[in-house]
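For reference, the structure is listed below as structure tokens.
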Amino acid sequence: MSVDRNITLLRIKKEIVPCLEYGSKCGWIFSDIDESDLSFLVKMKSPVDDEEYQIEVILDDYPELPPFLDFIEIDTGKKGTKKAYPKSRDSFFHPTLPCICNPCSRKSYKSFNNGAPHQDWNMIGWQQNSKVRSLTNLEAILKAIYLRICIDGEYLGRMEK
Amino acid sequence: MENVNKGQNDNELTLVIKSTSGNWTCTYSKTAKVQDVINGAVAHFSFATNGKYELVLESKPDETLKPERTLVSYHISDGDVLVLIDFGAAV
């Protein structure tokens, strides 16, 4: 790891505060931070169809590297399946892998995962990628994910039933 | 539509816009469109102008405000808190 885990942990604890505050208004349910692997889980329910999604956020080497974001099937615990993912009208929730296709998502980088869609991005300096816009912190990322499962017409249910 | 320096009258609303970059207190005409507020907030927070943003009432975070509608059509009141959210690029 190139970022001291204590530094990352402090960063997580700072960034999680506004997430908890906003999430309390949206019904998000957070796990405790797992300090062993610098991760946490958050559940969100779509007001469009009442489908519940669980997101795993792993933050080793954060913020030097973008968060690892993945969806987990709540009933089986299977990670990264199409059944775990929401479907969007655009490719934010990308069926390849699947993954969140944005520079804020480590899983979308080919340098991290050979099957990922983006070999044109570098994880180092991800906050400067023009495509990331303001999704450079946990609050903005979680708000964007939630927003995307709130808007009927943009959100199209589960990626796979 | 933005008119932060003028004394407030009955046709205006003072709003607090929250974003991940902080809070912004601003004044808009009641008949201003949601898109006007989005544009003003994006400029205020120096967010990328080529992005897509949504406004929600802090008290109803799962209901986005349609950009073409006016503030008054949502019965937004003086002092209401709105949250500006970056929709995120799909790339």
Scanning for something closer than 30 Å to B:Ala43 by Cβ, within 11 Å of another protein chain (Cβ to nearest Cβ), open to solvent by less than 20 Å² (accessible area, probe 1.4 Å) and not hydrophobic (A, V, I, L, M, F, W, C), does segment A:116-135 turn up at least one residue? yes
Of all the residues that make up segment A:130-161, how many are part of a strand (DSSP E or B) and among the charged types (D, E, K, R)? 2
What strands (runs of 3 or more DSSP E), lying completely within segment A:33-112, carry at least 2 residues that are within 14 Å of chain B (Cβ to nearest Cβ)? A:39-45, A:52-58, A:86-88
Mind checking whether some residue in segment B:35-53 is without any contact (Cβ under 8 Å) to a residue 40 or more places away in the chain, more than 14 Å from every other protein chain (Cβ to nearest Cβ) and open to solvent by less than 60 Å² (accessible area, probe 1.4 Å)? yes
Output for segment A:56-113, where each listed residue is of a type in the set (Val, Ile, Thr) and open to solvent by less than 40 Å² (accessible area, probe 1.4 Å): A:Val57, A:Ile58, A:Ile72, A:Thr81, A:Ile100
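The values are calculated or read from the model by the stated rules, or taken from the named source; none is laboratory data. Note that the structure is a prediction, hence the values are computed from the model and not measured. Note that we place each Cβ from the backbone using ideal geometry, even for glycine, and neighbour counts take in every protein chain shown. Each accessible area value is taken on the protein alone, full model and side chains, heavy atoms only, with ligands, DNA and RNA left out. Shrake-Rupley method; radii C 1.70, N 1.55, O 1.52, S 1.80 Å.
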